[in-house]
Amino acid sequence: MDYLKTVVPSQLISERGSNLVVINIGSANIRIGLAQQDTPFNIPHCVARRTSQLPKRNVKDQMLNSQVTTAQHVERERAYDTIASLLKIPFLDEEVANNSLPRKMGRVDGYNPQNNRKDIAFSWTDVYEKEPTSSLASGSESLSSMDKGMNESLAQPESTDTKEFKSNERKFREFIYGEEALRISPTEPYCLHRPIRRGHFNVSQHYPVQQVLEDLYAIWDWILTDKLHIPLSERNLYSAILVVPETFDNREIKEMLSIVLRDLRFSSAVVHQEGLAAVFGNGLSTACIVNMGAQVTSIICLEDGVALPISEKTLPFGGEDISRCLLWTQRHHQTWPQIRTDILTKPMDLIMLNKLKESYCEIKEGEVDTVAVVHSYEDGMPAGSHKTRLTALNVSPMGLFYPKLLVPDVYPPPPRSWYNDYEDMLEDTWHTEFPRRSDMSDGLYPSINVGLSMWDSYPVLPNKPKKEEKVGLAEAITSSILATGRIDLQRKLFCSIQLIGGVALTGGLIPVVEERVLHAIPSNEAIDMVEVLQSRTNPTFVSWKGGAILGILDFGRDAWIHREDWIRNGIHIGSGRKYKDSYFLQAQPMCYINS
């Protein structure tokens, strides 16, 4: 303790952060890096595997139901009109009827040089292995071109049976990861796998759990090797910090621990909840953490660095749903070009929509239009550019408060029996008296809804409302804070709301959250103030940064699990697995983050 009071934070980072790998798992992206880094690698959480024959569906979870029913369509239009009234813009029918001027402005070649960061086109991934270069002259262009000429000359007398050495038939890459995997043309013989969907393992009859685990291992191993340059032989010198969303269940966390300790061969690992890491990442002690990711929005309250499980809420929508709604809005207003945009079969289209959303969508009153370049990605062809006037760009982000506008895809959950897990990582916290606690076990292992999918009720906490996914963001935040029970804590939490995740970067979101949460508080509650705190760092990386801080400060490693113990015995929670002094540990980030 005396050492921590005198040490310079930068010295602490260099001493302890060089061998700590922080892994923040998300549905759409994974953030991973060394604790001493300022920012992590933010990589799409997917892998494309080469297939022997092109399947009918080249995306592993494409069988999911994405069809909007008639009832959902009617509800979506009603939600649009409600939002239009609030934002003082024309209703759907009025806009279409008055839309006499053509909004589309034709096709342009290339991209807009004044806006090239927003409007740049993506290129299809090169799915072939790179030409082998001479090991004696790896950096020489002349020798590599000579090698290429030799390969072409050797290819002439080859028989048609030996494909590997033919100049016209290069060898396919077996695995392609990250954004490259999303940019593969649908005509290529690859199947895209996304191992996590909507905050859970993407298990289905077409995607067995063993395949999910193999894909997770393959993606993480590639990042460690290619991005962090930590080969398998050296990983026993490193420890891993798993920062996991609140949506994950007990068995899922255990499987990921096995990947980290048994397969990736880290010497030790610890699990931290995303909400807990977020308060450390911003130097807070008590806050309501609203984590708005690509596919899931989760809310949890923390008091003095301790997660309060009764406050947990999960909403199955996020940034990707806003992007899909943006496409629907433009098509309904007839402003979208006549191109084939399909985010299920062409993930490249989803990348484009996400960029448009991040660049142009914001929440403010009045008509929000812009002229942007929309790209069309036809199978294997270069991107086509279409200069287009986009309209109603303030409507789709409001879907956070009116989820019927978003119409989330129906993602069938894994079989319920798959989640059954009778070895509880939370030890005795099922029976712990709420809300006063002296340990941080709930912050370590977020198995609050073990045995159930994320939108079902939790039997041990009967006060948790059912069908939470139908609630808007403001109502979910309000019910989460009011569930904590004490008026003094509630007042503090309502003035300590923290928005994290990529969606938190949406322009104009903070004042709307404050206003709508204030109006969602019942009139009989003695609360008259709501405040959203500005994030001290990029909201996308707050939880990752908090995980790094936790790993650096936890010098005692009481909660860490060692590789040998895990492989031989599994986890055995005891008093030694919990933080002895959570209040002292919580005090350290203030010094760290203000340095």
Candidate set: region 184-208, residues that are of a type in the set (Val, Ile, Thr) and within 21 Å of GLU246 (Cβ to Cβ); chosen: the one surrounded by the fewest Cβ atoms within 10 Å (Cβ to Cβ): VAL203
Could you list, in sequence order, the residues of region 218-262 that are surrounded by 19 or more Cβ atoms within 10 Å (Cβ to Cβ), hydroxyl-bearing (Ser, Thr, Tyr) and farther than 25 Å from THR297 by Cβ? TYR238, SER239
Can you name every residue in region 81-106 that is hydrophobic (A, V, I, L, M, F, W, C), touching a His at 6+ places or on another chain (Cβ under 9 Å) and at pLDDT 50 or above? LEU92, VAL96
Out of all the residues in region 35-49, which are open to solvent by 50 Å² or more (accessible area, probe 1.4 Å), in a loop (DSSP other than H, G, I, E, B) and of a type outside the set (D, E, K, R)? GLN36, THR39
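To keep it simple, each residue is scored yes or no on (1) out of contact with any strand residue (DSSP E or B) (no Cβ under 8 Å at 6 or more places or on another chain); (2) within 22 Å of TRP124 (Cβ to Cβ); (3) part of a strand (DSSP E or B); (4) assigned by the TED database to the domain that holds ARG76.
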residue	(1), (2), (3), (4)
ALA307	no, no, yes, no
ARG324	yes, no, no, yes
PRO337	no, yes, no, yes
MET348	yes, yes, no, yes
LEU356	no, yes, no, yes
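Among the helices (runs of 4 or more DSSP H) confined wholly to region 476-571, which include 3 or more residues that are more than 19 Å from ILE25 (Cα to Cα)? Step through it out loud before you land on a result.
On the way: elements: 487-494, 509-520, 542-553, 563-569.
Output list reads 487-494, 509-520, 563-569.
The values are calculated or read from the model by the stated rules, or taken from the named source; none is laboratory data. Nothing here was measured: the structure is a model prediction, and the numbers come from that model. So basically every Cβ, Gly included, is an ideal-geometry build from the backbone, and we count neighbours across all protein chains shown. Side chains included, ligands, DNA and RNA excluded: accessible areas come from the protein's heavy atoms. Shrake-Rupley method; radii C 1.70, N 1.55, O 1.52, S 1.80 Å.
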